[in-house]
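Q: I'd like to ask you about the structure that follows.
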Amino acid sequence: MANRYEHVADDLRRLIVTGALPVGERLPAEQELASRYKVSTPTLRNALEVLQSEGLVEKRHGSGNFIRRPGQRITYASDRHEAGRSPIPNVAVSVSLETALVKADARLSLLLAVRAGSPLAEYAFISHQGAAPRSLARVYVPHAVARLGVPDVNESPWGDSVRQLLSGAGVRVMATAERVTARFPTAWEAHTLHISTRAPVLAVERTSTDAGDRVVEAALLVLPGDRTDALFTKRSVTQELEAAG
């Protein structure tokens, strides 16, 4: 038998799909909805999390829950750097960039094959379609590889402009491997992308190496499952899929 929150989610979904709750409309306060459906507030929140994970409802911190306008899905293609391919996504997005100097923690140390505490340049790219965040990419380059400036923010949300800087510094990328995991976002990722912590994401762990197999760049990408299509080819990617536990 369906849980009570599933019945609530089913009814709200019906109202959204039929247009009874129009796109952009703010839902009543959670306590009001809980009273209307005769359920507890935690049960109502479970129902809203289901709709958030389906991309039907967006929770705006401090403002409430809103019926979300369906957006076009961005395609992340692993072969975008190959001849004849374009690194530009298939939908119009704007990209913001933040840069920082950080020290390699345990995870980055292993990913980049550097000692813990080694200095790294961090580039954080966040793409938006309108006001809605679509993807998050954090790219890291060890200072031992190159000390790069600030890249131009182009139309690619995947940090491809960092690779252009590496090329300009004489560092040639010869191979790229990507490891993909299906999981739930961290609280910080969910806050940044305006999604629920129960909304599945694809987490892409990307490493690029030069002719000597030295890791010259690593990236951590978070792609909301309801907003992104991922295409991987055998020619350029080692792919490993893991179900969220």
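Every read-out reported here was derived from the displayed coordinates using simple, explicitly stated rules and does not represent laboratory data. No experiment lies behind these values; they were computed from the predicted model shown. Reconstructed Cβ throughout: ideal geometry from the backbone, glycine too, with neighbour counts over all protein chains shown.
Q: Per DSSP helix of 4 or more residues, -39500 (n - 2.57); summed, then divided by the residues of the chain. What does that give at 222 nm, rounded to the nearest 500?
A: -7000 deg cm²/dmol
Q: State the extension gain, in nm to one decimal, for the chain segment bounded by residue 147 and residue 107, taking 0.36 nm per residue of separation less the distance between their alpha-carbons.
A: Contour length minus Cα-Cα distance gives 12.3 nm.
Q: Set the Förster radius R0 to 45 Å, insert the Cβ-Cβ distance between residue 82 and residue 35 as r into 1/(1 + (r/R0)^6), and round the FRET efficiency to 0.05.
A: For R0 = 45 Å, the calculated efficiency reads 0.20.
Q: With 18 Å as the cut-off, how large is the P(r) tail for the range 168-233, expressed as percent of Cα-Cα pairs?
A: 47 percent
Q: Let me ask another. Kindly provide the Kirkwood hydrodynamic radius of the range 81-221 in Å, to one decimal, from all pairs of distinct alpha carbon atoms.
A: One over the average 1/r among Cα pairs gives 15.7 Å for the range 81-221.
Q: So what are the chain's ellipsoid semi-axes, whole angstrom, largest first, if each one is the square root of 5 times an eigenvalue of the alpha-carbon gyration tensor?
A: Three semi-axes, in Å: 39, 18, 16.
Q: Related question: Could you calculate, for the range 18-150, the ratio of the Cα radius of gyration to the Kirkwood radius, expressed as Rg to Rh?
A: Looking at the range 18-150, the ratio lands at 1.12.
Q: Turning to a different aspect of this structure: Taking the chain as a Gaussian network, where each spring joins two C-alpha atoms under 10 Å apart, which residue of 40, 96, 78 fluctuates the most?
A: Maximum fluctuation in the GNM of the chain, among the listed residues, is at 40.
Q: Moving on to the next point. Along the Cα-to-C-beta direction of residue 98, a point sits 7 Å from the Cα; which residues of the range 174-191 have their amide N less than 16 Å from that point?
A: In the range 174-191, the label zone of residue 98 (backbone N under 16 Å from the point 7 Å along Cα→Cβ) covers 186-191.
Q: May I pose another question? Please report, for the Cα atoms of the range 86-164, the Rg to one decimal and the Dmax as a whole number; what are they, in angstrom?
A: Taking only Cα atoms of the range 86-164, I get Rg and Dmax of 13.6, 40 Å.
Q: With charges set only on the Cβ (+1 for Lys and Arg, -1 for Asp and Glu), what does the dipole of the range 71-156 come to about its Cα centre, in debye to the nearest 20?
A: Here the size comes out at about 200 debye.
Q: Rank 148, 121, 108 by how far each Cα sits towards the positive end of the charge dipole of the range 94-210 (+1 on Lys, Arg Cβ; -1 on Asp, Glu Cβ) and give me just the farthest.
A: Sorting the options by dipole projection puts first 108.
Q: Follow-up question, since we're still on this one. Pick out which of 137, 121, 187 has the largest mean-square fluctuation in a Gaussian network model of the chain, springs linking Cα atoms closer than 10 Å.
A: Among 137, 121, 187, the largest GNM mean-square fluctuation belongs to 187.
Q: OK, next. Nothing charged except the Cβ atoms of Lys and Arg (+1) and of Asp and Glu (-1): what's the magnitude of the dipole of the chain about its Cα centre? Round to the nearest 20 debye.
A: 160 debye
Q: While we're here: Using a Förster distance of 30 angstrom, determine the FRET efficiency expected from the C-beta separation of residue 63 and residue 154, and round it to 0.05.
A: Approximately 0.45, to the nearest 0.05.
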